[in-house]
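Asker: Have a look at this one.
The values are calculated or read from the model by the stated rules, or taken from the named source; none is laboratory data. The structure displayed is predicted, hence computed values, not measured ones. Here the Cβ positions follow ideal geometry from the backbone for every residue, glycine too, while neighbour counts run over all protein chains shown. Note: areas computed on protein heavy atoms with side chains; ligands, DNA, RNA excluded. Shrake-Rupley method; radii C 1.70, N 1.55, O 1.52, S 1.80 Å.
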Amino acid sequence: MLQISARYLDQTTILDVSGDIDLASSPELRKALLRELRELRIPRVVLNLKAVKYVDSSGVASLVEALKASRDLGSRLILFGLNSAVREVLQLSKLLKIFEIAETEEQAVAP
Amino acid sequence: MSRGSLLLKVELRSNPETLCIVRNALGQLAQTFGFSETDCRAVVLAVDEALTNIIRHAYQGKPEQPIEVSFRRIQAARDGVLKPALEIVVEDRGAAVDTTKLCGRPLDDVRSGGLGLHFMRESMDAVEFRRRWHRNQLRMVKLLHGAQPEKGS
């Protein structure tokens, strides 16, 4: 089961995600990301994936859609906390390099 | 030709909520089979993507439709040498798969979707589709790397 909670800093939203991102749960992630980017117009959205054990192609598709939305709006989408499973899937998709990836939360929210 | 020894056969419905149950069971099976941690994840990803494609495309999101998955231990040839391998066959009764369109997509084309088949092909040693008796049948094979090989005849 996917759980998403939001923390709000100055001009930044951190979304803490835990669980598996798959066909059943990726619409929830997509909705949460697009809400921050399109509706709330947050300039920087940080996705904490430390507690994500699995991501499939529908999850990658949600991330790509959010990335495109952020580019269209001139905002930033930053991922951090990628474990081996998530990193492998992004590498397999050859999309790892298109995302802005930070090693730590401090790096992700640094001015 | 021997069909190998059946390890597990699962009948499930085309409900996305069942995917995590299959992943957990398959992860255990792959680990017991002797795959490395990375290969376990590859097998789980390939099967999950296969089921996702069936739910989304063959059954077009319609729930409660039947899917069968069987797992067999087989011997598969690689460079003239027989190696132990895991054979996974996934069957559904949905719309026929147009095999001419199963070519994946250029990965430098940054867009959503179309990754599932690419993930399956990258994760497994063999991926084959066919239509039999009004069913789509997907056969995937993953070789057990590092296992003691047997000489092929």
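Asker: Nearest 100 Å², what total accessible surface is buried between chain A and chain B (probe 1.4 Å)?
Answerer: Working: alone 6160 and 9250 Å², together 13530 Å².
Interface between A and B: roughly 1900 Å².
Asker: Near A:Lys97, which aspartates and glutamates are there with a Cα under 15 Å away, not counting those fewer than 8 places off in the same chain?
Answerer: The reachable aspartates and glutamates, counting only those whose Cα sits under 15 Å from A:Lys97, are A:Glu88, B:Asp108, B:Asp109.
Asker: Let me ask something else about it. Using helices alone, what [θ] at 222 nm do you get for the protein assembly as shown, with -39,500 (n - 2.57) per DSSP H run of 4 or more residues, divided over all residues and rounded to the nearest 500?
Answerer: Values: 7 runs with 80 residues, N = 264.
Value at 222 nm, helices only, nearest 500: -9500 deg cm²/dmol.
Asker: Could you calculate, for the protein assembly as shown, the ratio of the Cα radius of gyration to the Kirkwood radius, expressed as Rg to Rh?
Answerer: Ratio of gyration radius to Kirkwood radius for the protein assembly as shown: 1.01.
Asker: Return one whole number: the accessible area per residue of the protein assembly as shown in Å², for a 1.4 Å probe.
Answerer: 51 Å²
Asker: Also, I was wondering about something else. Only protein chains counted, 1.4 angstrom probe. Which residues of the range A:19-33 are at least 20 Å² less accessible in the assembly than when their chain is isolated?
Answerer: A:Asp20, A:Asp22, A:Leu23, A:Ala24
Asker: Once you charge only the Cβ atoms, +1 for Lys and Arg and -1 for Asp and Glu, what is the size of the charge dipole of the protein assembly as shown about its Cα centre, to the nearest 20 debye?
Answerer: Values: 38 positive and 34 negative charges, 146 e Å.
For this selection, approximately 700 debye.
Asker: If you average the C-alpha positions of the range B:1-27 and of the range A:34-111 separately, how far apart do those two centres end up, in angstrom?
Answerer: If you average the Cα positions of each part, the centres end up 31 Å apart.
Asker: Put a dot 7 Å past each Cα toward the Cβ at A:Ser5 and A:Leu96; how far apart are the dots in nm?
Answerer: In this crude label model, A:Leu96 to A:Ser5 measures out at 3.0 nm.
Asker: Using a 1.4 Å probe on protein heavy atoms, which residues of the range A:57-71 have at least 20 Å² less accessible area in the complex than alone?
Answerer: Residues shielded by partner chains are A:Ser57, A:Ala61, A:Val64, A:Lys68.
Asker: Now for a different question. Under the Karplus relation 6.51 cos²θ - 1.76 cosθ + 1.60, θ = phi - 60°, what is the ordered set of whole-Hz ³J(HN,Hα) values for the range A:6-15, x standing for Gly and Pro?
Answerer: 10, 10, 10, 10, 5, 6, 9, 10, 10, 9
Asker: List the aspartates and glutamates whose Cα sits under 17 Å from the Cα of B:Lys83, skipping any in the same chain fewer than 8 residues away.
Answerer: The reachable aspartates and glutamates, counting only those whose Cα sits under 17 Å from B:Lys83, are B:Asp39, B:Asp125, B:Glu150.
Asker: Show which lysines lie in cross-link reach of A:Lys31 when reach means a straight Cα distance below 23 angstrom and same-chain residues fewer than eight apart are skipped.
Answerer: Cross-link targets: A:Lys50, A:Lys53, A:Lys68, B:Lys62.
Asker: Going toward the positive end of the dipole of chain A, with +1 on Lys and Arg Cβ and -1 on Asp and Glu Cβ, which of A:Ala32, A:Leu82, A:Ser18 do you reach last?
Answerer: Going by the charge dipole, the pick is A:Ala32.
Asker: I've got another one for you. So if I average 1/r over every pair of distinct C-alpha atoms in the range B:1-78 and take the inverse, what Kirkwood radius in Å does that give? Could you put the intermediate results ahead of the total?
Answerer: Numbers: mean 1/r = 0.0742 Å⁻¹.
Taking every pair of different Cα atoms in the range B:1-78, averaging 1/r and inverting gives 13.5 Å.
Asker: How large is ³J(HN,Hα), in whole Hz, for each residue of the range B:70-76 in order, when computed from phi with the Karplus curve 6.51 cos²θ - 1.76 cosθ + 1.60 and θ = phi - 60°, using x for Gly and Pro?
Answerer: Ordered by residue, 3J(HN,Hα) equals 10, 10, 10, 8, 10, 10, 10 Hz.
Asker: Please determine, in degrees from 0 to 90 and to the nearest 10, the orientation of helix A:57-73 with respect to the longest principal axis defined by the Cα atoms of chain A, where the helix direction is its Cα long axis.
Answerer: 20 degrees
Asker: Now for a different question. For the range A:20-66, count the residues as N, evaluate 2.2 N^0.38 Å, and divide the Cα radius of gyration by that value, please. Write out the running numbers ahead of the final one.
Answerer: Numbers: Rg = 10.6 Å, N = 47, 2.2 N^0.38 = 9.5 Å.
In units of the globular-protein estimate, the range A:20-66 measures up at 1.11.
Asker: Spin-label point model (7 Å from Cα, Cβ direction): what's the A:Arg38 to B:Ala126 distance in nm?
Answerer: Taking the simple label geometry, A:Arg38 and B:Ala126 are separated by 4.4 nm.
Asker: Hey, could you get me the Stokes-Einstein D for chain A, Kirkwood radius over alpha-carbon pairs, 10 °C and 1.306 mPa s, rounded to whole µm² s⁻¹?
Answerer: On the way: Rh = 13.6 Å.
Approximately 117 µm²/s, per Stokes-Einstein.
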